[in-house]
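Asks: Would you mind keeping the following structure in view while I ask a few things?
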Amino acid sequence: MSFLLPQGCRAFIKNIVAPNDGAKKFILFDAFYCSLMVGIDARKLGIKEDLESEVFLNGYPEDYKGQADIIAGLLIDAELDRKAIEPENKASIEREMTRLVNPTATTRLSDTGNDLLNLYAASGFKLIQDSMMAPASLEEFLVAYYQLWHRDSAVAE
Amino acid sequence: MELRVLGWRYENIRGGLRNVEIDLGAGTSRWTLVQMPNGTGKTTTMSLFRATFSGENLSAQTVRDLRASDEVKQGLFEMRLAIDARPYRVQLRLNFEDGSHTYWTARSETRAGGLEEGLSLPTELRPLLTPDFTRLFVFDGELAKEIRAVGKDRAAGAIRTLYRLDRLDDLNRQVRRLVEAQQQKAAAISSATEKKGVTRWKRAYDAALDRKVALTQEQRRLLQERKGLDARSEELTSLINARIVQDGSLKTRKDALEVEREALDKRVLNLIAQGMSLLRTPAKIHPRLLERLRALGGKLTELKLPKTISAEFFRELAEQPECVCGRPVTEHVKEAILNRANIYLAEDQVLVINKMKLALRESSADATEFTTVATALNGALRDLRTNRHAQDQIEQERIESGDIELERLRKEKTTNERSLEINDDAFEKLTTRDHARQAELRADESNNLPCCEAEIKRCKQRLETATDTVRFGQQASYVQKIVSETSALALERLRERVRLATNEKLAQLVPSEALRVARISGALELESGRTATKTGVSEGQSLAVAYAFLTSLLAEAPTKLPFIVDSPAVSLDVQVRREVGDLIPGLFDQMIMFVISSEREGFADAFYERENVKYVTLWRTGEETSEIHEGLDYFKTFHQVDAVA
């Protein structure tokens, strides 16, 4: 399982990635994951060229290992939706699961699933960039990220 | 490769060979004895064989000399061959009027097997069939006389040709072509084909290394500067605080704001920890995600996915003699089941998806948690901003009351902060690996360490490519040297092998003389038991040496050639004839021997008891006519005074 960061992501989060700053620890995978969630929510795939060429991480970091099933489920859900597979189309849903799931991988995802995860992160990062300035602090980022998800509702006050 | 002669034909050739055809038959005999009295065209036939095998360029006079009579304008000699069992027909067409000649070939490969102009024998044979080499297997006694001086390089040349040492020369040519190709490839990449290219890329590589050293120093300088700016920043904060506390009321306000700020910082840290924990749980980011997870779990349950029947079930079923429905599982059915099994999830996939389904269905999260934390965090940030503003206000009040030093310290702090930003920007430009950011900052190998490292890698590759060209050339020369030495060594060993085999045969042919080949250099050097170098050799001894050498040379060669010989025993005494007659038949897969009647005794008669021998007697019946008789009886009893050639 090889994760690729979206292009420009490192610079965007340079002020909030701390090597090891207690509770403030924000790691590269957090940035990837935040982008991924936004991309998956938007059902939008980015392109390979929007990704860095070198893998920044193999496999989920400790904090995310418990989320492997959920992330895989979200990916399957996004793909079913993106491909407009009818909810009753049992065969197509099963085929999609066969395509995306690899039981032996720690992420539960096949190589295809892995590639799609990277592409969803690429599109998600663009949406993040569009909605906020490069954050000066992690607290600012958390608030801005929350606001991105709640654009339609009032800003948390 | 094997070459056999199946027959030949003459048209309008001198010696009464007006329209004569000799057919050796489909199952060509191993030995053919053609009895032709002197003056009936044996020498002519040998010349025609040699020319037709080698495509030799004949002079106009040679062509005209082959003319049967003044009345004929054209003549022909045709050989029928089998090369690796494939039929070939080669013609030498002679124009007696203008003295010209052409060669024609009919091959089974060509359309309709028609004749085409030119000598088109297989490519592999062409290096062998030179006029010089052809004389070795289309052999006459004349050559025997000069066997020891058959051209300075003929003996060694014959070994080189026959044992395909020329292929090693080909290998060297291929190596040369590879070097050229490598140089072209290198030129395409780096324009560096010669030492000039190596020097150029070495300079570029060294320059890039120097740049990296300079950039690394700059990185250290920026880090050092940053450290100084940070320290000064802290110092200025302390100095500013010290100015503030000089005023009692301001100090009280300031202390209260500091206490508040510390509490806010602590709160923010706490909220960040909570926020990060929530953030790392997809279901807690937004209720929409939670809904989707649950919906997917529900959908899978509703559709009874994953199916309880796995791919393994069908794979096992395919191996059973009968299906669960009772019908037999034929090969066709088995194939269909196995093909379709792949659309079902494997058992381990089913397990994982079931686990996932459970996780999805049981996803529970308070979707308001993130809202609570984000709202609290936003409030804390707002409070911090307010706190910072209030602290600024205190400083401003102090300055307005006339504290010039504080004003100076504040200005310096502002400048220091600006310097920190500049340092930060410079550090980012120097160190960023992000391609998009590099482009935005116009970072390149001159001002960015990762770009410089990439340039070093690029220069190194090109230098290696350029160096490789030179190294490749050196390696190629080395290979060529090895190949040449191998060729020389192989020639030496083959010469020795042929020499020893020749001497073994000579020991049988000329036992009394102890005549031996001492060395095969350019030609054959002989020695006898008495003298180191023997020069005075009789005609019979020359012939014996020639046979011993040629049979040794040709017999074990990878290309099997016929041995066509004229007057094989005429100059040998009867005893040596018998030896020759006993020895040489076993050495060739095909021998065609032109003999005269006097050679029957001692030589031809050695074949009489053998099978697989064809006897042909050809003699001239008039000025322009000839007659052919086949068979041993006629061969044995034929008597005609040899015509004067």
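Asks: Taking the condition of being at pLDDT below 90 and out of contact with any strand residue (DSSP E or B) (no Cβ under 8 Å at 6 or more places or on another chain), how many residues in region B:32-53 meet it?
Replies: Counting residues in region B:32-53 that are at pLDDT below 90 and out of contact with any strand residue (DSSP E or B) (no Cβ under 8 Å at 6 or more places or on another chain) gives 1.
To keep it simple, each residue is scored yes or no on (1) more than 9 Å from chain B (Cβ to nearest Cβ); (2) touching a Phe, Trp or Tyr at 6+ places or on another chain (Cβ under 8 Å); (3) closer than 18 Å to A:Asp111 by Cα; (4) modelled with pLDDT under 85.
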site	(1), (2), (3), (4)
A:Phe26	no, yes, no, no
A:Asp30	no, no, no, no
A:Ile47	yes, no, yes, no
A:Glu79	yes, no, yes, no
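Asks: Pick from region B:1-17 the residues that are crowded, with 19+ Cβ neighbours inside 10 Å and modelled with pLDDT under 85: which of them is nearest to B:Val138 (Cα to Cα)?
Replies: Within region B:1-17, the match that is nearest to B:Val138 (Cα to Cα) is B:Gly15.
Asks: Checking the condition exposed (fewer than 15 other Cβ atoms within 10 Å of the Cβ), within 44 Å of the chain's Cα centre (by Cα) and at pLDDT below 90, which residue from B:Thr130, B:Thr123 passes?
Replies: Details: B:Thr130 fails: exposed (fewer than 15 other Cβ atoms within 10 Å of the Cβ).
Answer to the check: B:Thr123.
Asks: On to the next question. Identify, from the list A:Ser92, A:Ser53, the residue that is farther than 18 Å from B:Arg292 by Cα, more than 15 Å from the chain's Cα centre (by Cα), among the small types (Gly, Ala, Ser) and more than 10 Å from chain B (Cβ to nearest Cβ). Steps first, please.
Replies: Working: A:Ser53 fails: more than 10 Å from chain B (Cβ to nearest Cβ).
Among A:Ser92, A:Ser53, only A:Ser92 is farther than 18 Å from B:Arg292 by Cα, more than 15 Å from the chain's Cα centre (by Cα), among the small types (Gly, Ala, Ser) and more than 10 Å from chain B (Cβ to nearest Cβ).
Asks: How many residues does region B:1-55 hold that are farther than 17 Å from B:Phe563 by Cα and aromatic (Phe, Trp, Tyr)?
Replies: Residues in region B:1-55 being farther than 17 Å from B:Phe563 by Cα and aromatic (Phe, Trp, Tyr): 1 in total.
Asks: Check every one of the helices (runs of 4 or more DSSP H) wholly within region A:1-100 and list those with 3 or more residues that are surrounded by fewer than 22 Cβ atoms within 10 Å (Cβ to Cβ) and not β-branched (Val, Ile, Thr). I'd like the intermediate steps shown before the answer.
Replies: Details: elements: A:9-12, A:28-42, A:68-82, A:90-100.
The qualifying helices (runs of 4 or more DSSP H) are A:28-42, A:68-82, A:90-100.
Asks: Could you list, in sequence order, all residues of region B:296-327 that are in contact with a Pro (Cβ under 9 Å, 6 or more places away or on another chain) and surrounded by 15 or more Cβ atoms within 10 Å (Cβ to Cβ)?
Replies: Keep residues of region B:296-327 that are in contact with a Pro (Cβ under 9 Å, 6 or more places away or on another chain), which gives B:299-300, B:302-303, B:321-322.
If the condition is that a residue be in contact with a Pro (Cβ under 9 Å, 6 or more places away or on another chain) and surrounded by 15 or more Cβ atoms within 10 Å (Cβ to Cβ), then B:Lys299, B:Leu300, B:Leu303 are the ones that fit.
Asks: Sticking with this structure for a sec: Name the single residue, out of those in region B:442-471 being surrounded by fewer than 18 Cβ atoms within 10 Å (Cβ to Cβ) and among the hydrophobic types (A, V, I, L, M, F, W, C), that is farthest from the chain's Cα centre (by Cα).
Replies: B:Ala454
Asks: Please find, within region B:48-96, the residue that is farthest from B:Thr123 (Cα to Cα) out of those that are under 44 Å from the mean Cα position of the chain (by Cα) and part of a helix (DSSP H, G or I).
Replies: B:Leu48
Asks: Within region B:523-537, does at least one residue satisfy the condition of being modelled with pLDDT of 75 or more and under 43 Å from the mean Cα position of the chain (by Cα)? Before you say what the answer is, go through the steps one by one.
Replies: The initial filter retains those residues of region B:523-537 that are modelled with pLDDT of 75 or more, namely none.
No - not one qualifying residue is present in region B:523-537.
Asks: Yes or no: region B:72-94 includes at least one residue that is modelled with pLDDT of 85 or more and of a type in the set (Phe, Trp, Tyr).
Replies: Checked region B:72-94: at least one residue is modelled with pLDDT of 85 or more and of a type in the set (Phe, Trp, Tyr).
Asks: Specify which of the listed residues (A:Leu142, A:Leu119) is at the interface with chain B (Cβ under 8 Å from one of its Cβ atoms), modelled with pLDDT of 90 or more and closer than 21 Å to B:Leu289 by Cα.
Replies: Details: A:Leu119 fails: at the interface with chain B (Cβ under 8 Å from one of its Cβ atoms).
Residue meeting the stated conditions: A:Leu142.
Asks: Working carefully through the options A:Ala122, A:Ala105, find the one that is farther than 20 Å from B:Leu305 by Cα, touching a residue at least 60 places away in the same chain (Cβ under 8 Å) and surrounded by fewer than 20 Cβ atoms within 10 Å (Cβ to Cβ).
Replies: Working: A:Ala122 fails: surrounded by fewer than 20 Cβ atoms within 10 Å (Cβ to Cβ).
Selected residue: A:Ala105, the only one of A:Ala122, A:Ala105 that is farther than 20 Å from B:Leu305 by Cα, touching a residue at least 60 places away in the same chain (Cβ under 8 Å) and surrounded by fewer than 20 Cβ atoms within 10 Å (Cβ to Cβ).
Asks: Please verify whether B:Ser238 is free of Cβ contacts under 8 Å to residues at least 12 places away in the same chain, assigned to a helix (DSSP H, G or I), polar (S, T, N, Q) and exposed (fewer than 13 other Cβ atoms within 10 Å of the Cβ), treating the condition exactly as stated.
Replies: Details: free of Cβ contacts under 8 Å to residues at least 12 places away in the same chain: yes; assigned to a helix (DSSP H, G or I): yes; polar (S, T, N, Q): yes; exposed (fewer than 13 other Cβ atoms within 10 Å of the Cβ): yes.
Answer is yes for this residue.
Asks: Residues B:Leu229, B:Leu222, B:Leu239, B:Leu257: which one is modelled with pLDDT of 85 or more and touching a Phe, Trp or Tyr at 6+ places or on another chain (Cβ under 6 Å)?
Replies: Working: B:Leu229 fails: touching a Phe, Trp or Tyr at 6+ places or on another chain (Cβ under 6 Å); B:Leu239 fails: touching a Phe, Trp or Tyr at 6+ places or on another chain (Cβ under 6 Å); B:Leu257 fails: touching a Phe, Trp or Tyr at 6+ places or on another chain (Cβ under 6 Å).
The conditions single out B:Leu222.
Asks: Quickly run through region A:122-139 and pick out the residues that are more than 9 Å from chain B (Cβ to nearest Cβ) and at pLDDT 90 or above. Step through it out loud before you land on a result.
Replies: Of region A:122-139, the ones more than 9 Å from chain B (Cβ to nearest Cβ) are A:122-136.
Correct list: A:Ala122, A:Ser123, A:Gly124, A:Phe125, A:Lys126, A:Leu127, A:Ile128, A:Pro135.
Asks: Out of region A:101-119, which residues are of a type in the set (Gly, Ala, Ser), assigned to a loop (DSSP other than H, G, I, E, B) and touching a strand residue (DSSP E or B) at 6+ places or on another chain (Cβ under 9 Å)? Outline the logic, then answer.
Replies: First pass over region A:101-119, keeping only residues of a type in the set (Gly, Ala, Ser): A:105, A:110, A:113.
Checking which are assigned to a loop (DSSP other than H, G, I, E, B) leaves us with A:105, A:110.
If the condition is that a residue be of a type in the set (Gly, Ala, Ser), assigned to a loop (DSSP other than H, G, I, E, B) and touching a strand residue (DSSP E or B) at 6+ places or on another chain (Cβ under 9 Å), then A:Ser110 is the only one that fits.
Asks: When residues of region B:494-511 are filtered for being within 9 Å of B:Ser552 (Cα to Cα), buried (at least 20 other Cβ atoms within 10 Å of the Cβ), over 37 Å from the mean Cα position of the chain (by Cα) and not polar (S, T, N, Q), how many remain?
Replies: Going through region B:494-511 one residue at a time, the tally reaches 2.
Asks: Next question. Checking B:Leu215 against (1) under 30 Å from B:Lys357 (Cα atoms); (2) of a type in the set (A, V, I, L, M); (3) away from chain A (no Cβ under 12 Å); (4) in contact (Cβ under 8 Å) with a residue 60 or more places away in the chain, only one condition comes out false. Which one?
Replies: Here B:Leu215 meets the rest and fails (1).
Asks: Across region B:335-356, which residue is nearest to the other protein chains (Cβ to nearest Cβ) among those that are more than 30 Å from B:Pro321 (Cα to Cα) and surrounded by fewer than 20 Cβ atoms within 10 Å (Cβ to Cβ)?
Replies: Here is the first cut: in region B:335-356, the ones more than 30 Å from B:Pro321 (Cα to Cα) are B:352-356.
This time we only want the ones that are surrounded by fewer than 20 Cβ atoms within 10 Å (Cβ to Cβ), so: B:354-355.
Working: B:Asn354: 10, B:Lys355: 6 Å.
Per the criteria, the residue is B:Lys355.
Asks: Of all residues in region A:57-72, count the ones that are more than 12 Å from A:Phe32 (Cβ to Cβ), without any contact (Cβ under 8 Å) to a residue 40 or more places away in the chain and more than 7 Å from chain B (Cβ to nearest Cβ). Full working, then the answer.
Replies: Keep residues of region A:57-72 that are more than 12 Å from A:Phe32 (Cβ to Cβ), which gives A:58-59, A:62-63, A:65-70, A:72.
Of the ones still in play, those that are also without any contact (Cβ under 8 Å) to a residue 40 or more places away in the chain are A:62-63, A:66-67, A:69-70.
Now drop any that are not more than 7 Å from chain B (Cβ to nearest Cβ), which leaves A:62, A:66.
Adding up the residues that qualify gives 2.
Asks: Condition first: within 59 Å of the chain's Cα centre (by Cα), farther than 15 Å from A:Asp81 by Cα and either within 9 Å of another protein chain (Cβ to nearest Cβ) or aliphatic (A, V, I, L, M) (or both). Now tell me which residues in region B:278-301 satisfy that.
Replies: Listed by number, the residues that qualify are B:Leu279, B:Arg280, B:Thr281, B:Pro282, B:Ala283, B:Ile285.
Asks: Still on this structure, please answer the following. For residues in region B:583-599 being surrounded by fewer than 21 Cβ atoms within 10 Å (Cβ to Cβ) and without any contact (Cβ under 8 Å) to a residue 40 or more places away in the chain, which is nearest to the chain's Cα centre (by Cα)?
Replies: Ranking the candidates gives B:Leu587 first.
Asks: Where residues in region B:357-390 are outside any helix (DSSP H, G or I) and buried (at least 18 other Cβ atoms within 10 Å of the Cβ), which of them is nearest to the other protein chains (Cβ to nearest Cβ)?
Replies: Filtering first and then ranking leaves B:Ser363.
Asks: Looking only at region B:47-78, how many residues end up being more than 18 Å from B:Gly16 (Cα to Cα) and either in contact (Cβ under 8 Å) with a residue 12 or more places away in the chain or among the aromatic types (Phe, Trp, Tyr) (or both)? Don't jump to the end; show me each part of the working.
Replies: In the first step, residues of region B:47-78 are kept if they are more than 18 Å from B:Gly16 (Cα to Cα); the result is B:50-61.
Within this subset, residues satisfying the condition of being either in contact (Cβ under 8 Å) with a residue 12 or more places away in the chain or among the aromatic types (Phe, Trp, Tyr) (or both) are B:50-56, B:58-61.
Count: 11.
Asks: Now for a separate question. Here's a check for you: in region B:221-271, which residue that is over 27 Å from B:Arg418 (Cα atoms) and among the small types (Gly, Ala, Ser) is nearest to the other protein chains (Cβ to nearest Cβ)?
Replies: Among those residues, the one meeting the criterion is B:Ala263.
The values are calculated or read from the model by the stated rules, or taken from the named source; none is laboratory data. From a predicted model like this one, the values you see are computed outputs, not experimental measurements. Neighbour counts are summed over all protein chains in view; Cβ atoms, including those assigned to glycine, are modelled from backbone coordinates with ideal geometry.
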